[in-house]
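Q: Quick one: the structure is below, questions incoming.
The values are calculated or read from the model by the stated rules, or taken from the named source; none is laboratory data. Just so we're clear, the structure is a prediction, and the values are computed from it rather than from any experiment. FYI the Cβ positions are ideal-geometry reconstructions off the backbone, even for glycines, and counts take in every protein chain you see. For accessibility, only protein heavy atoms count, side chains too; no ligands or nucleic acids. Shrake-Rupley method; radii C 1.70, N 1.55, O 1.52, S 1.80 Å.
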Amino acid sequence: MTPSDADYARAVELLRAGELVAFPTETVYGLGADAANPAAVAKIFAAKGRPADHPLIVHLAGHDAVDHWAEQVPDVAWELMETFWPGPLTLILKKQAWVPSTVTGGQDTVGLRVPGHPVALELLRRFAIAAGEHAGIAAPSANRFGRISPTKAAHVREELGDRISLILDGGPCTVGIESTIVDCSRGEPVVLRPGHIAPTHLEAVLGRCPAIVTASGAPRVSGSLAAHYAPQTPMRLIAASRLLDFLNAQRHKGDCCGVIGHSQPPQAGMPHLWRMLPADPVGYAHDLYAALRDMDHAGVSLIAVEALPEAPAWAAVADRLRRAVAGSGQP
Ligand code: TXA
Ligand code: MG
């Protein structure tokens with residue numbers, strides 16, 4: 001799935017005109033606007049229904065643009081960029097004074113990322129040719145605020161199709177959950193949002209395993225709100241050992257559940273809609289959001305998710321599941 005030359009040209013033209021363009025990244029689809037144009041960025045917040053104090057990530061074509069957006073970039077941040085960019089890692093850095101506060105939610109820091117998706121990189125490269133070599137695209141995930149992030153172009157159409165000018169289709173996202181966010185703006189780097197790049201990967205560069213500091217309560221990271229990434233259908237996490245009893249009880253009540261499993265295989269004779277996800281965290285992350293979306297459409301009364309292993313490798317998907325449970329069941 002590759003956009004045509006004309007698609008890219010139209011996308012750049014729209015961005016230059018202050019309009020919104022959705023595009024694929026390796027993590028999830030983003031809803032992009034010219035990050036240097038506050039009026040364009042304001043349209044992102046309007047389209048998503050997102051509170052204005054939630055900062056956005058600025059996507060760049062390469063490292064060369066970093067100094068244009070950030071100041072006092074510590075050596076350790078450069079090392080992380082060298083190792084993980086292009087890729088699913090966002091760095092929080094002190095912002096340059098000129099960076100619009102609409103982008104940063106009024107904070108003195110900015111989130112930067114060079115995405116590892118060929119369509120995102122081609123769009124960023126062409127945009128930088130047209131708008132200036134350091135130009136960036138501000139983009140949150142292309143879903144309505146609090147809902148499940150889109151991992152396919154069709155999901156974006158479903159969420160925001162009536163509110164945006166163009167969706168570049170780059171096929172399904174390979175990672176499937178949002179980027180790891182590392183705050184390098186105040187001393188020792190800490191992880192604000194776990195993701196595909198795990199603390200153990202970061203340890204190889206940092207020399208020590210960074211702390212994961214989520215759920216601060218303040219909206220510095222909207223993905224850290226207790227309720228986020230949520231389906232409209234109520235959702236519960238059930239321990240594997242209790243899953244069958246739970247589903248039997250639901251069956252006796254006449255309830256049809258959606259079941260998302262990874263180790264417990266489907267049971268014959270159960271009326272439930274069963275979906276098995278891969279039993280490894282990378283495969284699970286890849287399929288999770290599409291599975292939640294499918295369940296939401298299937299009209300089940302409850303989504304029962306087999307609880308995940310406690311191992312650190314599962315931390316990022318476990319984080320998304322907890323928040324999805326907390327936010328689920330809202331019309
Ligand atoms: O994978 C991703 O990160 C995707 C793709 C599109 O790049 N984007 C994404 O954006 O997930 P969004 O807006 O849904 O989540 C970005 C997170 C938010 O929770 C936001 O609060 C945080 O990044 N963030 C951005 N700038 C920040 C800053 N200056 N300080 C702290 N957190 C920041
Ligand atoms: Mg989001």
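Q: What aspartates and glutamates sit close enough to LYS48 to cross-link, taking a C-alpha to C-alpha distance under 13 Å and skipping anything fewer than 8 places away on the same chain?
A: Qualifying aspartates and glutamates at Cα under 13 Å: GLU158, GLU159, ASP162.
Q: Could you work out how far the C-alpha centroid of the stretch 282-331 sits from that of the stretch 27-95, in angstrom?
A: Using only Cα atoms to place each centre, the spacing works out to 26 Å.
Q: Divide the volume of the convex hull of the Cα atoms of the chain by its number of residues and quote the answer in cubic angstrom per residue.
A: Hull volume normalised by residue count: 123 Å³.
Q: Counting Lys +1, Arg +1, Asp -1, Glu -1, what net charge surrounds ILE167 among other residues with beta carbon under 14 Å of its beta carbon?
A: Local charge sum for ILE167: -2.
Q: Leaving ligands and nucleic acids out of the surface, order HIS201, HIS54 by accessible area at 1.4 Å, largest first.
A: From most accessible down to least: HIS201, HIS54.
Q: Could you tell me which of rounded, prolate or oblate describes the stretch 5-180, using a ≥ b ≥ c as the square roots of the eigenvalues of the alpha-carbon gyration tensor, with rounded for a/c under 1.5 and, failing that, prolate when a/b is larger than b/c and oblate otherwise? Please list the in-between numbers first.
A: Working: a/c = 1.37, a/b = 1.29, b/c = 1.07.
It comes out rounded by the Cα gyration axes.
Q: Antiparallel as a % of all DSSP beta bridges within the chain, to the nearest 5? All intermediate terms of the calculation are to be shown ahead of the outcome.
A: On the way: 16 of 39 bridges.
If we restrict to bridges inside the chain, about 40 percent are antiparallel.
Q: Ok, one more. Which value, in debye to the nearest 20, gives the size of the charge dipole of the stretch 151-214 about its Cα centre, when Lys and Arg are +1 and Asp and Glu are -1 at the Cβ?
A: Around 80 debye, computed over the stretch 151-214.
Q: Moving to a separate point now. As a test of reading the structure, rank MET235, MET270 by solvent-accessible area (1.4 Å probe, protein chains only), most first.
A: Descending accessible area places them as MET270, MET235.
Q: Given a 1.4 Å probe and heavy atoms of the protein chains only, how would you sort THR25, THR214, largest accessible area at the top?
A: THR214, THR25
Q: Check cross-link reach from LYS95 to the aspartates and glutamates: straight Cα distance under 19 Å, and skip same-chain residues fewer than eight apart.
A: Once the sequence-local aspartates and glutamates are set aside, what remains near LYS95 is ASP34, ASP53, ASP64, ASP67, GLU71, ASP75, GLU79, ASP108, GLU133, ASP183, GLU188.
Q: Can you check what the net charge comes to around TRP85, using other residues whose Cβ is under 13 Å from the Cβ of TRP85 (Lys, Arg +1; Asp, Glu -1)?
A: -3
Q: Just how much of LYS152 is accessible, in Å², when a 1.4 Å probe is used and the result is rounded to the nearest 10?
A: Probe radius 1.4 Å; accessible area of LYS152 about 90 Å².
Q: For TYR29, what is the net charge nearby, where nearby means another residue's Cβ is under 12 Å from its Cβ and Lys, Arg count +1, Asp, Glu -1?
A: Here the count lands on -3.
Q: From the P(r) of the stretch 137-213, can you give the percent of Cα pairs sitting at distances over 16 Å?
A: When all Cα pairs of the stretch 137-213 are counted, 60 percent exceed 16 Å.
Q: R0 = 30 Å: FRET efficiency of ALA307 with MET1, Cβ-based, nearest 0.05?
A: 0.30
Q: Projecting each Cα onto the charge dipole of the stretch 5-180 (Lys/Arg +1, Asp/Glu -1 at the beta carbon, about the Cα centre), which of THR83, HIS117, PHE145 comes out farthest on the positive side?
A: Final value for the positive-end residue is PHE145.
Q: Could you give the angle, 0 to 90 degrees to the nearest 10, between helix 315-327's Cα long axis and the longest principal axis of the Cα atoms of the chain?
A: So the helix axis and the longest Cα principal axis differ by about 70 degrees.
Q: Per DSSP H run of at least 4 residues, take -39500 (n - 2.57); add these up for the chain, divide by its residues and hand me the 222 nm value, nearest 500 deg cm²/dmol.
A: Computed ellipticity for the chain at 222 nm equals -10500 deg cm²/dmol.
Q: Hey, with R₀ at 25 Å, roughly what FRET efficiency would ASP162 and ALA326 work out to, going by the Cβ-Cβ distance, to 0.05?
A: The value I calculate is 0.35.
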